[in-house]
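These notes concern the structure reproduced below.
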Amino acid sequence: MSAAGIQMPRLLPYLPGAGGLRNAANIYCMKQLSLVALTGAFAGGIWLGGLYDWPALMLYGTGMVTLAVAVWCIFRLPEKAWIFILAAFVVAGSIRFLHTEAVSPSDISRYTGQTVSAVAIVDAIPETVPLGEGLRRVKYILDVRQVMDSGGIVRPASGKLIATVRQDERFAIARYGDRVVFTGLVAAIHTYQNPGAYDYVAAQKRKGITARASISSENWAIVEHKPGAFWAEKLADWRTEVKQAMLAAMTPEQSAILTGMLFGGYEGIPQNVVKDFAATGLIHILSVSGTHIALVGGAILWLGRAARLRRSFIVLMAAAAIVLYSMLAGFTPPVVRSAVMGLVALLAVLLGRGKDAAAALALSALAMLIHTPGLLYDLSFQLSFAATAGLVFLYPATVQKLTSLTGMHGLAAAGLAVTFAAQLSVLPLLAWYFNSLSLSAFAANVLIVPIVEAIVIIGLAGAILVSFWGLAASALFALCELSISIVMTATAALAALPGSSIYLPPVSLAGSVLYYLLVAWVYGYTPRFMPPPVQIFRRWPRTAGAVMLIAVAAGVLYCITPRPVAVHFIDVGQGDAVLVTTPHGRSVLIDTGGAPGDSTFDIGERVVVPYLKHYGVLSLDYLILSHGHQDHAGG
């Protein structure tokens, strides 16, 4: 496979023919540098920028020197230029991360802990939750423009905040684009600071949201209606119309599942269904991802080829369909990432470079990281690109091995190879974030995924027909209802199988790097001087066997060695939760935390249990509750 002119999978320092860069001109040796390596260097710079608080002056100075040396090497020592070009990308990644992490002096988060009056613009479609008795809770994303602090001083302001307004149903809801004024206490966004936990604060910051506020209806007013968000409002109205049509043709439960499949989200889906989808590795179906974009683009390509249209016209139609679907799904960050990947892949097809999947993937990642460096720490970004990289680099060899070893062919071999390659590439991420691996995903990918893909295509067709031909749309939704019933039954059966999901201990960063190097070695992505594992065992069977035995013995010895007593103070917000582990593996949990009031958020399930699993605690020997208050025993 070639990627940006590089013979893959060989690593850059050992590229064959690197001396050929001494040809005439030698204007840019970038042609001989893999986009994969450049993206990796930029990502490494972002990681270093997040790991250490580098002085800006030092970064800029290092960057200028590195860039100057790289330019000099391109013309004088081209075979060495790649070292300094990669170094320049590392420094560029750190500088870019430094800029995005800096908070403006006028940012609304500077007023945390203060009661302020502010002028803001509604920056997203509001979310409404009925509370009963004529009340509702409305969640707004506000782009703050001006702030008057407690001293009465009016200052320009910037940044976004999440505003929760409890208001009477008789009052109008502000629309996307409206100018509003409010008075409220600015508070920091809260997250649970536990290892492996989802960092909600960082995720919101990537969207520009740095604070929150709870506002009473008497301190909230709409001062100006803006027509600038016409299309966003129309799309929101259309999605509401589609959901109503689904409810008219389907049960509420299955309507919620189809809504999740088409537009993303878990609202209205029973918790047991979500757990079954997670246990069988199908949870990504309930968020718009690369799978959905590939289905939309693939359906258009198939129809265009069936109609024998010109390739360029088919690709343009598929690109338009992807953009339109992304708009309908709300242009959320995961949708945008998937759409960018799909559009880059279509561009490669249009240019006749369909085999350069590695370069296309790297280019997509590089563009997104330049725009939003914090995506490097985003779980969705990590999973989507790791899984796609697995399909690009591991899938072809996996299909070949599966076919030669088992004689399996066709859809069965392809389905198993897709799941195996994707799971192999995301294994350290699954271990760190979820501590589990779905073994039933292999069966689900072969038996259930084709049905789900058909549901998505049929559901989208029904959604498009809602405004033009309601009867046909209802018929398609009824077909989706029948198919979803089959999917629910099958996922529940697979999830209930013994051993359908196994526990994975968390893997550190060093362990993850070692794991990926090992996978690269097994699949042949190595320098030329390093033979593959099979050849090593054939050439030096005794030495290789001895090394394997020593490694296994060291692992067993490490596992049985007693650990010192450890005391963990778990972040559960208000209240307490303390974990004590003894040298011989006994575990004691003192208090469990708990959400105050009548919140449905289960801290025990969502915070404490993931923390226990992250540290390998799968059962408790003692549970001690200091007293029965909600904030100590509610979890």
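The values are calculated or read from the model by the stated rules, or taken from the named source; none is laboratory data. Since the model is a prediction, treat every value here as computed from it, not as a measurement. Neighbour counts are summed over all protein chains in view; Cβ atoms, including those assigned to glycine, are modelled from backbone coordinates with ideal geometry. For accessibility, only protein heavy atoms count, side chains too; no ligands or nucleic acids. Shrake-Rupley method; radii C 1.70, N 1.55, O 1.52, S 1.80 Å.
So which residues in segment 563-577 are open to solvent by less than 80 Å² (accessible area, probe 1.4 Å) and either more than 29 Å from THR191 (Cα to Cα) or in contact with a Phe, Trp or Tyr (Cβ under 6 Å, 6 or more places away or on another chain) (or both)? Answer for segment 563-577, where residues must be open to solvent by less than 80 Å² (accessible area, probe 1.4 Å) and either more than 29 Å from THR191 (Cα to Cα) or in contact with a Phe, Trp or Tyr (Cβ under 6 Å, 6 or more places away or on another chain) (or both): ILE570, ASP571. Search segment 581-604 for residues being more than 18 Å from PRO562 (Cα to Cα) and either outside any loop (DSSP other than H, G, I, E, B) or among the acidic types (Asp, Glu) (or both), and hand back the single one that is modelled with the lowest pLDDT. Going through the qualifying residues, I end up with ASP598.
The residue that is nearest to PRO610 (Cα to Cα), counting only those in segment 487-515 that are touching a residue at least 12 places away in the same chain (Cβ under 8 Å) and among the small types (Gly, Ala, Ser), is SER501. ALA81: in contact with a Phe, Trp or Tyr (Cβ under 7 Å, 6 or more places away or on another chain), touching a residue at least 40 places away in the same chain (Cβ under 8 Å) and open to solvent by less than 50 Å² (accessible area, probe 1.4 Å), yes or no? Criteria not met by ALA81.
Across segment 471-481, the qualifying residues are those that are small (Gly, Ala, Ser) and open to solvent by 40 Å² or more (accessible area, probe 1.4 Å), and the one among them that is nearest to LYS234 (Cα to Cα) is SER474. The single condition among (1) open to solvent by less than 50 Å² (accessible area, probe 1.4 Å); (2) part of a strand (DSSP E or B) that LYS139 does not satisfy is (1). As a summary of the residue check, GLY151 satisfies the conditions (1) small (Gly, Ala, Ser); (2) open to solvent by less than 60 Å² (accessible area, probe 1.4 Å); (3) at pLDDT below 85 except for the one numbered (2). Residues of segment 607-625 that are open to solvent by 70 Å² or more (accessible area, probe 1.4 Å) and of a type in the set (Gly, Ala, Ser): SER619 alone.
Only one residue in THR128, THR115, THR100 is among the hydroxyl-bearing types (Ser, Thr, Tyr), in contact with a Leu (Cβ under 8 Å, 6 or more places away or on another chain) and touching a residue at least 12 places away in the same chain (Cβ under 8 Å). Which one? Before the answer, list the steps.
On the way: THR128 fails: in contact with a Leu (Cβ under 8 Å, 6 or more places away or on another chain); THR100 fails: in contact with a Leu (Cβ under 8 Å, 6 or more places away or on another chain).
From the options THR128, THR115, THR100, the qualifying one is THR115.
From ALA554, ALA633, grab the single residue that is farther than 24 Å from GLN193 by Cα, surrounded by 10 or more Cβ atoms within 10 Å (Cβ to Cβ) and of a type outside the set (Ser, Thr, Tyr).
On the way: ALA633 fails: farther than 24 Å from GLN193 by Cα.
Result of the check over ALA554, ALA633: ALA554.
Entry remark, segment 240-254: residues being out of contact with any helix residue (DSSP H, G or I) (no Cβ under 7 Å at 6 or more places or on another chain), within 23 Å of ILE125 (Cα to Cα) and charged (D, E, K, R) number 1 in total.
Residues being part of a helix (DSSP H, G or I) and closer than 18 Å to TYR377 by Cα: count how many of those fall in segment 92-109.
Filtering segment 92-109 for residues part of a helix (DSSP H, G or I) gives 92-101, 108-109.
Subset that is closer than 18 Å to TYR377 by Cα: 92-101.
Matching residues across segment 92-109 total 10.
Of the candidates VAL513, VAL617, VAL607, VAL578, the single residue that is at pLDDT 85 or above and farther than 26 Å from PRO428 by Cα is VAL578. Against the numbered list (1) under 25 Å from the mean Cα position of the chain (by Cα); (2) part of a loop (DSSP other than H, G, I, E, B), LEU429 comes up short only at (2). Cβ-Cβ distances below 6 Å connect the following pairs, each with a first residue in segment 164-185 that is more than 12 Å from ALA124 (Cβ to Cβ), a second residue that is of a type in the set (D, E, K, R) and in a strand (DSSP E or B), and a separation of six or more residues or different chains: THR164/LYS139; ARG166/ARG137; GLU169/ARG136; ARG179/GLU224. Taken together, the criteria exclude ILE484 from residues that are open to solvent by 50 Å² or more (accessible area, probe 1.4 Å), in contact (Cβ under 8 Å) with a residue 60 or more places away in the chain and aliphatic (A, V, I, L, M). When ARG206, ARG212, ARG175, ARG145 are checked against the criterion of being under 26 Å from VAL335 (Cα atoms), at pLDDT 90 or above and either open to solvent by 30 Å² or more (accessible area, probe 1.4 Å) or out of contact with any Leu (no Cβ under 7 Å at 6 or more places or on another chain) (or both), ARG212 stands alone in meeting it. Taken together, the residues in segment 251-279 that are out of contact with any Cys (no Cβ under 7 Å at 6 or more places or on another chain), at negative phi and open to solvent by less than 40 Å² (accessible area, probe 1.4 Å) amount to 16. Give just the number: which of (1) modelled with pLDDT under 85; (2) open to solvent by less than 30 Å² (accessible area, probe 1.4 Å); (3) touching a Pro at 6+ places or on another chain (Cβ under 9 Å); (4) of a type outside the set (A, V, I, L, M) does GLU101 not satisfy? So the condition that GLU101 fails would be (2).
Selection of segment 61-73 for residues being surrounded by fewer than 20 Cβ atoms within 10 Å (Cβ to Cβ), of a type in the set (A, V, I, L, M) and touching a helix residue (DSSP H, G or I) at 6+ places or on another chain (Cβ under 8 Å) yields LEU67, VAL69. THR191: surrounded by 15 or more Cβ atoms within 10 Å (Cβ to Cβ), modelled with pLDDT of 85 or more and either out of contact with any strand residue (DSSP E or B) (no Cβ under 9 Å at 6 or more places or on another chain) or of a type in the set (Ser, Thr, Tyr) (or both), yes or no? Here the answer is no, as THR191 does not meet what is asked.
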